[in-house]
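Reading through the structure tokens given below for one structure.
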Amino acid sequence: MPDREGVVAAAKPSFDETFRAKLNELFAWRRDVREFRKDPIGAAVIEGLVRTASLSPSVGFSQPWRFVRVDDAARRAAVIASFERANADALGDYSGDDAARYASLKLAGLREAPVHLAVCADTQTHVGKGLGRRTMPDMLVYSAAMAVYTFWLAARAEGIGVGWVSILDPVEVHDALSLPPEWQLIAYLCVGYPNDAFATPELQRAGWESRDPRATEVYRR
């Protein structure tokens, strides 16, 4: 029998070894993409990915994520300008070989990507009735970040690449997009079909950083 929301109980799923191997492969191939083809992506595809992202866990079932597709050329230009200013400022923090290597990196695909998505957390949502947020109010932000990651994986499974641009001023972007004051910018995403695909992170390939063995450690207390 369906419950009051029309949800019908289903048999417990079984994920076999083949599925688990493919899932690990998806994790490995989910890379930050900065080189995109110009091929358009249909609105229905993006909407489907957002629906999948909405299956993400959220504190108190608050579902605070808000996906904003940025199509307006002037708004996109304002975001690109914010990135370019922030990128120039960041370069000034490095010197020597690090500065040269930083300057050589392509750190965003804002001009090439056919789709721009801003992902925000509604910090004033009443959905969830505040459950789980009294002691850790940042859980709303973490919930929205989980939706970003789910979107990223779902996109990769469709052969679509995603790049998360963090080198920009969030206040400038918030103003450029005329977002509600209670919406906190969590991620600005470039979305499109990648020129190339690699299972190794681009910054690792470029020699910027290597794998940190501590990332796979399990500490005990």
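Read the figures in this text as sums done on the coordinates, not as results from a lab. Since this is a predicted model, take the numbers as computed values, not measurements. Cβ atoms come from the backbone with ideal geometry, glycine included; neighbour counts cover every protein chain shown.
Quick one: would you say Trp152 is of a type outside the set (Ser, Thr, Tyr), surrounded by 14 or more Cβ atoms within 10 Å (Cβ to Cβ) and closer than 18 Å to Val33 by Cα? When the stated conditions are applied, Trp152 passes them.
In the stretch 45-53, is there at least one residue being assigned to a loop (DSSP other than H, G, I, E, B), in contact (Cβ under 8 Å) with a residue 24 or more places away in the chain and of a type outside the set (S, T, N, Q)? Within the stretch 45-53 (the criterion being assigned to a loop (DSSP other than H, G, I, E, B), in contact (Cβ under 8 Å) with a residue 24 or more places away in the chain and of a type outside the set (S, T, N, Q)), the answer is no, since none of the residues qualifies. Taking the numbered list (1) crowded, with 17+ Cβ neighbours inside 10 Å; (2) more than 15 Å from the chain's Cα centre (by Cα) in turn, Asp72 passes all entries but (1). A single entry from Trp183, Trp152, Trp164 fulfils the requirement of being of a type outside the set (Lys, Arg), touching a Lys or Arg at 6+ places or on another chain (Cβ under 7 Å) and within 30 Å of Asp196 (Cα to Cα): Trp152. Of all the listed residues (Ala90, Ala103, Ala108, Ala81), the sole one being buried (at least 18 other Cβ atoms within 10 Å of the Cβ) and either among the aliphatic types (A, V, I, L, M) or in contact (Cβ under 8 Å) with a residue 60 or more places away in the chain (or both) is Ala108. Scan the stretch 29-54 for residues that are of a type outside the set (Asp, Glu) and loosely packed, with under 12 Cβ neighbours inside 10 Å and the total you get is 6.
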